[in-house]
Amino acid sequence: MPPIFMKPVEVNYIWKYRKKAKMGQKRVAHLLNHSDHTQISKWESGEKVPTMKSLFKLAHILQVRPEALYMNLYLSCAKEVDERQKTLPHGSEKVEHDPLLHKTTWQESKNQYVSLQ
């Protein structure tokens with residue numbers, strides 16, 4: 001019998017924030033205009049990930065920032081970009097972040113996330 005390859009599960013905090021908001025999967029599905037809660041269940045289990053549009057809607061419904069729902073992925077990406085930023089040649093254009101809109105480093109975002117728990 002050939003080996004069974006499982007798709008990697010994307011760790012997320014959808015279930016945590018949905019429970020914190022005291023909402024059921026059916027209610028969230030209704031607000032997202034889904035016919036049933038199957039998609040929400042698949043997102044929570046990591047079997048599937050929402051589209052960007054669904055992620056933003058879900059974040060609005062649960063009253064959290066979108067990256068909070070996939071914080072591990074966000075922190076990993078932010079750290080990777082911050083590390084690459086350090087390799088730019090001196091004098092290269094550097095992206096400046098608006099502190100009101102975005103945390104400037106992955107570490108600051110991680111600290112913000114930890115304070116939410």
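Figures for the structure shown
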read-out	value
Test: residue in the range 19-33 that is on the phi > 0 side of the Ramachandran plot and modelled with pLDDT of 95 or more	yes
Filter result (modelled with pLDDT of 95 or more and of a type in the set (S, T, N, Q)) within the range 57-115	Q63
The range 76-87, residues that are polar (S, T, N, Q), part of a helix (DSSP H, G or I) and over 20 Å from I14 (Cα atoms)	Q85
Test result for L73, part of a helix (DSSP H, G or I) and buried (at least 16 other Cβ atoms within 10 Å of the Cβ)	no
Within the range 42-70, tally of residues that are among the hydroxyl-bearing types (S, T, Y) and assigned to a helix (DSSP H, G or I)	2
Where L58 falls short, out of the listed (1) over 18 Å from K19 (Cα atoms); (2) surrounded by 15 or more Cβ atoms within 10 Å (Cβ to Cβ)	(1)
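Quick grid of which residues meet (1) among the hydroxyl-bearing types (S, T, Y); (2) surrounded by 15 or more Cβ atoms within 10 Å (Cβ to Cβ):
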site: K19; (1), (2): no, no
site: K26; (1), (2): no, no
site: E44; (1), (2): no, yes
site: T51; (1), (2): yes, no
site: E67; (1), (2): no, yes
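The values are calculated or read from the model by the stated rules, or taken from the named source; none is laboratory data. This structure is a prediction, so every number in the text was calculated from the model and none was measured. Note that each Cβ is placed from the backbone with ideal geometry, even for glycine, and that neighbours are counted across all protein chains shown.
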